[in-house]
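Engineer: Handing you this structure, nothing more for now.
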Amino acid sequence: MAAAHRFPAFSRFLHWLMAVLVLAMLFIGAGMTASIGDYHWLLTIHRPLGLAILILVAIRLINRLLNPPPPLPAAMPGWQRFAAKASHWLLYILMFALPIVGWAMLSAGPYPVVVWGSFVLPPILPQDAMLFATLRELHRILAYLLFLTFLAHLGAALLHALIFRDSVFQSMASWRATPPWR
Amino acid sequence: MPETPTPKRPRDDEPPPLSLIAVLLRLGIIGLVSLLVTAAFLYAGGWLSPDRLTPVKVVDRFEQVDGISAGFRRNHAKGLCFAGVFQSNGQGLRVSRASVFDMGEVPVVGRFALAGGQPYLPDTPQMVRSMAVRFMPADGEDWRTGMNDIPVFPVSTPEAFYEQLAVFAPDPATGKPDPARMADFFARHPESAHAIELIKARAVSSGFHNDTFNSLDAFRFVDAEGKSVAVRWSMVPDAPFEAAAAAPGADKNYLFEDLIARIGQQPVQFHLVVTIGQPGDPTNDATVAWPPERERIDVGTLSIHAVEGEDVGACRDVNFDPLVLPAGIEPSDDPLLSARSAVYSRSFWRRAGESKDPSAVTTPAADKGA
């Protein structure tokens, strides 16, 4: 009974791992744009981390289709259900889009897409300076959108945890099978 | 059966109700957490520290000093593309495992240019000349380097560079830099005063083809065993040195036109010479020259066989970011390197999105095509 209200363990593991990576990535990206001295080492982390997120989100999507999330509480109003589903799909779309736009942008640059050492990804677009400028701007806008979506996600999670106190927050946060008040 | 009655427990999904004060307190906690995360993000992005030196500020200052020439580089704006081949002799492998040093040929795209952000200024002998090179080995491991024909760089830090851009800009009233501001800058930056003396005292060659171009910044080469050495490198011309005439040539592009004519006749060649630093040689200060007796390794020959105006050449849309490096070449602790990378990237983003004017210097092939 309790297990049905929680995400499977692997789903929870992926969620929290990616929470750390994506949040770190947002801060690294923001830091890069405003840094002189720290720019290069931030960039050397930014690219492998972006590739890691792209791979992980693909694994996560497959995992979600194989292991669907637990149902939302029966008492949840319709608009909340819609907001929850829409924001989750937006997070998935952005977690795919940002690394792919980053890779495409570097390809159009043309910059070598150095992941680490001599591991270089192949370009996925031909050289095109104007396209680079557009994709670079898109990368920036999508990153802000991801930050705002993350903020809404965090706020909603805390609302569930502290105000509604339904099963939603515990379904992802709890490592115990039964929420403490039960 | 328990003797004492258990307290009344709420059912699943029905936690005990919260008082109004508890609700407000909890909403306050949620608001505070969101606010702190947002503030941290804004701080990382520099929004909360207006005094921080950012790439945007440096590019903006170039635009303030030189104006904006749409589509052109914000510095070294006047240039000419070249194509060539780097013939590696294998000697580089002694100090670096970079594949570009494997014996053999690597195609190269590059650019000769004059320092400064104004593409239509007439050539003069004293203007700082640059050579940028993009080595393109088959494995996709780009190596890009931008080199200048001065012995040392005028400043050692990004902050000093940013300040120096404004200090050396001509005063609109006199058309010359303000001597009082310059004196003040040099008093606070004796390393720059010394570097500028060395730069002014350099022997100026008659053209691009017989000029020597230096990396100025130090880098680190890492060999196959993982051993790392500090290096600087230079492109040293095959053509013998010939001193520049005191006055500029008649044509406003005479330096470029001379190079175009020479390469039209035969390839112009340079040797890539790597200087090996010794422990104690400064790697974090591009204003200081290394002792002249340091070991120098000739690692191969750059043959330039074609030049093209930027309107048709392959170099215009390349960012010669000095930290686009293959495995086997790494940045040193020189603070200018990360700054150059950050500022070039920002400048490239800006100009990549601008409509492109025709090249300041055009080649005969481009004239025919137009």
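The values are calculated or read from the model by the stated rules, or taken from the named source; none is laboratory data. This structure is a prediction, so every number in the text was calculated from the model and none was measured. Virtual Cβ from ideal backbone geometry, glycine too; neighbours counted across all protein chains shown. For the accessible areas, the whole protein counts, side chains as well, though only heavy atoms, and no ligand, DNA or RNA atoms are used. Shrake-Rupley method; radii C 1.70, N 1.55, O 1.52, S 1.80 Å.
Engineer: In Å², what does the accessible area per residue of the protein assembly as shown work out to with a 1.4 Å probe?
Structural biologist: In whole numbers, the protein assembly as shown has 47 Å² accessible per residue.
Engineer: Okay, next question. For the protein assembly as shown, report the convex hull volume of the alpha-carbon atoms normalised per residue, in Å³, without decimals.
Structural biologist: It comes to 222 Å³ per residue, whole-number rounded.
Engineer: If you don't mind, there's one more thing I want to ask. With a 1.4 Å probe on protein heavy atoms only, work out how much accessible surface A and B bury together, total over both chains, in Å² to the nearest 100.
Structural biologist: 4200
Engineer: A follow-up question, please. At 30 Å minimum axial length over the Cα atoms and a Kyte-Doolittle cut of 0.5, report the qualifying DSSP H helices in chain B, or say none.
Structural biologist: Result, helices passing both filters: B:20-44.
Engineer: Could I get the Rg over Rh figure for the stretch B:99-163? Both from C-alpha atoms, Rh via Kirkwood, rounded to two places.
Structural biologist: Ratio value, two decimals: 1.08.
Engineer: Among all the aspartates and glutamates, which ones have a C-alpha under 13 Å from B:LYS200's C-alpha, if same-chain residues fewer than 8 places away are not counted?
Structural biologist: Counting by Cα, and skipping residues close in sequence, B:LYS200 has these aspartates and glutamates nearby: B:ASP149.
Engineer: Using a 1.4 angstrom probe on the protein heavy atoms only, could you order B:THR283, A:THR134 from most to least accessible area?
Structural biologist: A:THR134, B:THR283
Engineer: Strictly greater than 18 Å: what percent of every Cα pair in the stretch A:1-105 meets that?
Structural biologist: Beyond 18 Å sits 57 percent of the P(r) for the stretch A:1-105.
Engineer: On the full set of protein chains, 1.4 Å probe, figure out the accessible area of A:LEU94 and give it in Å² to the nearest 10.
Structural biologist: Ignoring ligands and nucleic acids, A:LEU94 comes out at about 0 Å².
Engineer: Considering every pair of different Cα atoms, what Kirkwood radius, in Å, is found for the stretch B:297-368?
Structural biologist: 15.1
Engineer: In µm²/s, what is D for the stretch B:198-240 at 37 °C and 0.692 mPa s, where D = kT/(6 pi eta Rh) by Stokes-Einstein and Rh is the Kirkwood radius from Cα pairs?
Structural biologist: 260
Engineer: When N counts the residues of chain B, how does its alpha-carbon radius of gyration compare numerically with 2.2 N^0.38 Å, as a ratio?
Structural biologist: Chain B yields a ratio of 1.31.
Engineer: If the stretch B:138-239 were replaced by its equivalent ellipsoid, with semi-axes equal to the square roots of 5 times the Cα gyration tensor eigenvalues, what would those be, largest first, whole Å?
Structural biologist: Listed largest to smallest, the semi-axes of the stretch B:138-239 are 32, 19, 13 Å.
Engineer: Over the whole of A:26-34, what's the average partner chain Cβ count within 10 Å per residue? Rounded to a whole number, please.
Structural biologist: 6
Engineer: With viscosity set to 1.306 mPa s and temperature to 10 °C, compute the Stokes-Einstein D of the stretch B:45-100, Rh being the Kirkwood radius across alpha carbon pairs; µm²/s, no decimals.
Structural biologist: For these conditions, the coefficient is 101 µm²/s.
Engineer: Let me ask something else. So, in Å, what gap is there between the alpha-carbon centers of the stretch A:1-59 and the stretch B:39-84?
Structural biologist: Using only Cα atoms, the two centres lie 29 Å from each other.
Engineer: Give the span of the stretch B:260-331's Cα atoms along each principal axis, as three whole-Å numbers ordered largest to smallest.
Structural biologist: 45, 26, 25
Engineer: Right, next: Under 4 °C and 1.567 mPa s, how fast does chain A diffuse according to Stokes-Einstein, given a Kirkwood radius computed over C-alpha pairs? Answer in µm²/s, whole number.
Structural biologist: Reported coefficient: 72 µm²/s.
Engineer: Say each of B:LEU24 and B:GLN278 gets a label point 7 Å from the Cα, pointing the same way as Cα to Cβ; how far apart are those two points in nm?
Structural biologist: 7.5
Engineer: Could you list the residues of the stretch A:145-163 with an amide nitrogen less than 13 Å from a label point located 7 Å from the Cα of A:LEU17 in the Cα-to-C-beta direction?
Structural biologist: Residues passing the 13 Å test: none.
Engineer: Follow-up question, since we're still on this one. Show A:MET105, B:MET136 ordered by accessible area, largest first, where the area counts protein heavy atoms only and the probe is 1.4 Å.
Structural biologist: Sorted descending by solvent-accessible area, the residues read B:MET136, A:MET105.
Engineer: Let me ask you something else. From the C-alpha coordinates alone, can you work out the Kirkwood hydrodynamic radius of the stretch B:70-227, in Å?
Structural biologist: Mean inverse Cα-Cα distance, inverted, gives 18.0 Å.
Engineer: Over 17 Å, how big is the tail of the calculated P(r) for the stretch B:54-134, in percent of all Cα pairs?
Structural biologist: 60
Engineer: Using the Cα atoms of the stretch A:103-156, I'd like the radius of gyration and the largest Cα-Cα distance, Dmax, both in angstrom.
Structural biologist: 14.4, 42
Engineer: Once the Cβ-Cβ distance between A:SER87 and A:ARG140 is put in as r, and R0 is 35 Å, what FRET efficiency do you end up with, to the nearest 0.05?
Structural biologist: 0.95
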